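Read the structure below first, then the notes.
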Amino acid sequence: MQIKTFVAVDFPENCYAAKCNDGVFLVDPGEYTPELDYYVKQNQSAIRYILLTHMHFDHIRATADIKKLCPDAKIVIHSLDADGLKSPQKNLAFYFGFDTKNIVPDILCDDLSVIEMGETKIKVLHTPGHTEGGVCYIVDDVIFSGDTLFEGSCGRTDFPGGNGPDLANSLKKLNNLKGDYKVFSGHGNPTTLNNERKFNPYMRSL
């Protein structure tokens, strides 16, 4: 799996494009930068899924534009965050002066859902705390953790739908996974699960 990162300018959010033998999936397309636009147009016919880790505007802003270019790509979000795609108040866009346009999900996932792209299996791990419907997507030895887990930190819980105990339980879920994983989060640098187990204060306190 080849992973390419696109970092937003307005808010330093990470969008990921993962290319596998059976196609391409995008994770959290936030700002529609020229670099992301070029990539989408170059891989237009191969993009199968647009995976959203949660509903916040900085992770979804480019979704509607990409869907127009790739109408066969399926938009995936957890069922508990789906309403936030159409509510600027819930997804916080209203408060920062942004427009998330009209985003209609194609697939509502839940904990342990499996999204298939040929031989590629994308496992959904429900990790609430930052939002009620926050998820991580796991593919082989890679975790796309959204705003659940960062290098040395974790997601904030003071937005509507945030919950500290839920986030602690979500971090426990990740901590209890067997083996090591590469972690690609919604903000900041990539890391590994073992690194966070050893050095992340929020993981070490579990």
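At a glance:
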quantity: In sequence order, calculated HN-Hα J values of the range 105-111 (Karplus, 6.51, -1.76, 1.60; Hz; x Gly/Pro); calculated: x, 9, 10, 9, 9, 9, 4
quantity: Options (i) 0.99; (ii) 0.93; (iii) 0.96 - which one matches Rg/Rh (Cα atoms, Kirkwood Rh) as calculated here; calculated: (ii)
quantity: Residue-wise HN-Hα coupling along the range 192-206, computed from phi with Karplus coefficients 6.51, -1.76, 1.60 (Hz; x: Gly, Pro); calculated: 10, 5, 4, 4, 6, 4, 7, 10, 6, x, 6, 7, 5, 7, 6
quantity: Lysines with Cα under 26 Å of Lys182, excluding same-chain neighbours fewer than 8 positions away; calculated: Lys4, Lys19, Lys74, Lys121, Lys123, Lys172, Lys173, Lys198
quantity: Bridge type composition, the chain - antiparallel percent by DSSP, nearest 5; calculated: 65 percent
quantity: Integer Hz, Karplus 6.51/-1.76/1.60 couplings in order for the range 76-90, x for Gly and Pro; calculated: 10, 8, 5, 4, 6, 9, 4, 4, x, 5, 10, 10, x, 6, 5
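Taken together, the values in this text are just the output of simple stated rules run on the coordinates, not laboratory data. Note that the structure is predicted; figures quoted are calculated from it, not measured.
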